[in-house]
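Scroll down for the structure; my scribbles are underneath it.
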Amino acid sequence: MRDRQQRQALSRIVSAATAEVLALGYESTSLVAGIPAIASTYGTAAAVLACDWHDAERTAAAVGAPYSAEPAPMPDSARYRALVAWGLGEGSTQQTQLALISGGLSRIVANAHRDTVRLNAFADPDCDGWARFGQGDSCDFCRMLIGRGEVYREATAKFAAHDTCNCVAGPSFAEASQVGNYVRSKRRLADSTRRANNRRAREWIAANT
C-alpha cells in the first residue's frame, strides 16, 4: 500500500487548513464564521484523497464488480461552534485558545480521510476492511495500535486519534469478502454538487501535494 504517500499528502492538507485557521486571528466571531468554510474545503480534499486511494488499491487488487468510493459526510455547523467554544473556554491565553481550536480542526480534516476509508471499506463488497498506518515517530498509543497489524472488519470499529495524530486508515483487499453493512448517509450531496466538489478537491491536491 502507498500509505506513506497518503500520510504525506494528508499532512500537507492538514497543514494548509491549520495555517488558514491561524490566519483568522483571535476574534471568536471570525473563528465561528471562518472555520466551517476551511473545514469544508480541506476536509473535502482529504476525503477525495481517500477515495482515490481506495479506488487505486481496488484496481491494483483486480477484485469484483465495479465500485467507486464516495467521500464521508463532514460534520454539521454545530460541531464547529462547539470546537470554538471549547477552545476559548479551555485556553488560558489567546495563543493557547487558537492552538486548541486549530488542533481540533486539523483532527476534523484528518478524520474526513479516515472516515472515508472506513465507510467505503464496508460499503465495498470486495474490501476486507481497513488497517491503521503510521510512521516511526508516532506516539506510544499509536505505535501500539499499528504494531498489532490488525485489519478491522467490523463496521462499528472506530479510528482512535488525537489532535496531532499522523496515522491514517487504509483499505485492505487481502481477502475479498462481504463485511459489515453500510447505510448511505441521508446528508449525501446531490450528484452534481458532489462531482463539482470532488473536482475542485482533486485540482487542489494536484497543485499542492
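The numbers here are math on the coordinates, done by the rules we state, and not lab data. These numbers were taken from a predicted model, which means no experiment stands behind them. Neighbour counts are summed over all protein chains in view; Cβ atoms, including those assigned to glycine, are modelled from backbone coordinates with ideal geometry.
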Check your understanding: Between Arg143 and Ala61, what is the label-to-label distance in nm when each label sits 7 Å out along the Cα-to-Cβ direction?
Key -> 3.0 nm
Review point. Considering only Phe122, Gly103, Phe133, whose Cα is most displaced toward the positive end of the charge dipole of the stretch 102-145, charges sitting on Cβ of Lys, Arg (+1) and Asp, Glu (-1)?
Key: Gly103
Study note, to complete from the structure: Lys and Arg at +1, Asp and Glu at -1: neighbours of Lys158 with Cβ under 14 Å from its Cβ sum to +2
Review point. For the stretch 1-53, with only Lys/Arg (+1) and Asp/Glu (-1) charged at the beta-carbon, what is the dipole magnitude about the Cα centre, in debye rounded to 20?
Key: 260 debye
Review point. How big is the stretch 38-82 by Rg and Dmax over its Cα atoms, in Å?
Key: 14.0, 44
